[in-house]
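Report on one structure; see the data block that follows.
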Amino acid sequence: MAEHIIARELQKRGLDREIAVCSAGIAPYARDGALVSLDTRMALRDIGIHLREEATSTDLKRHPELLQDADLVIAMTEQQARDLHDRFIVPDRLQVHTLRSFAGESGDIDDPFEKGDVVFASCREEIARLIPRIVDRLCAAG
């Protein structure tokens, strides 16, 4: 959800050609090429973001080169940030933050996977609340 919400914010600000966003899962159950979940599609659709039917997920285990091309990684939880360093070769120059820490807050945003539409909507709203601050910080750094 965060990938698509931040992409929309970048587009609204005319920054979508300068800043590329890519999401990749690191969980053991992450599957490269899996269709984006119905819960994710519905949560995004409710705020006017419509994914293509063929939209799929990316598994970082299958695409570790994404880390070599990235300038910044934003994880949802501190554990994901630790797992990233434990499981992958992370370039020294690569900044790794959680969504909340990059927005100037503390705490995690837990995965709403298999927790139902109310939890997905709550997660989406929390991400959407933080994204403008994320983009403000990206703009200030550029």
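The table below lists the values:
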{"item": "Charged-residue dipole, Cβ positions (Lys, Arg, Asp, Glu), the chain about Cα centre, Debye nearest 20", "result": "300 debye"}
{"item": "Those residues of the stretch 1-29 whose amide nitrogen sits under 17 Å from the label point placed on residue 88, 7 Å along Cα→Cβ", "result": "1-4, 20-29"}
{"item": "12 Å reach of a label modelled at residue 29, 7 Å along Cα-to-Cβ, counting backbone N of the stretch 114-131", "result": "114-116"}
{"item": "Solvent-accessible heavy-atom area per residue, rounded to whole Å², over the stretch 42-107 at 1.4 Å", "result": "62 Å²"}
{"item": "Peptides ranked, highest mean first, by Cβ atoms within 10 Å: ranges 50-63, 95-108", "result": "95-108, 50-63"}
{"item": "Simple Cβ-charge dipole of the stretch 57-118, Lys/Arg +1 and Asp/Glu -1, about Cα centre, in debye nearest 20", "result": "160 debye"}
{"item": "24 Å tail of the calculated P(r), the chain, as % of Cα pairs", "result": "29 percent"}
{"item": "Shape call, the stretch 49-92: gyration tensor on alpha carbons, a/c limit 1.5", "result": "prolate"}
{"item": "5 angstrom amide H check on residue 56, placed H, neighbours 5+ away", "result": "36"}
{"item": "At least 24 Å along the helix axis (C-alpha) and Kyte average at least -1.0, DSSP helices within the chain", "result": "117-141"}
{"item": "Surface share of carbon and sulfur [accessible, 1.4 angstrom probe, percent] for the stretch 7-47", "result": "51 percent"}
{"item": "Cα-projected label distance for residue 110 with residue 51, points at 7 Å along beta-carbon direction, nm", "result": "2.2 nm"}
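The values are calculated or read from the model by the stated rules, or taken from the named source; none is laboratory data. Note that the coordinates shown come from a computational prediction; the quantities given were computed from them, not determined experimentally. Cβ sites come from the backbone with ideal geometry, for glycine too, and all protein chains shown count toward neighbours. Accessible surface areas use protein heavy atoms only, side chains included; no ligands, DNA or RNA. Shrake-Rupley method; radii C 1.70, N 1.55, O 1.52, S 1.80 Å.
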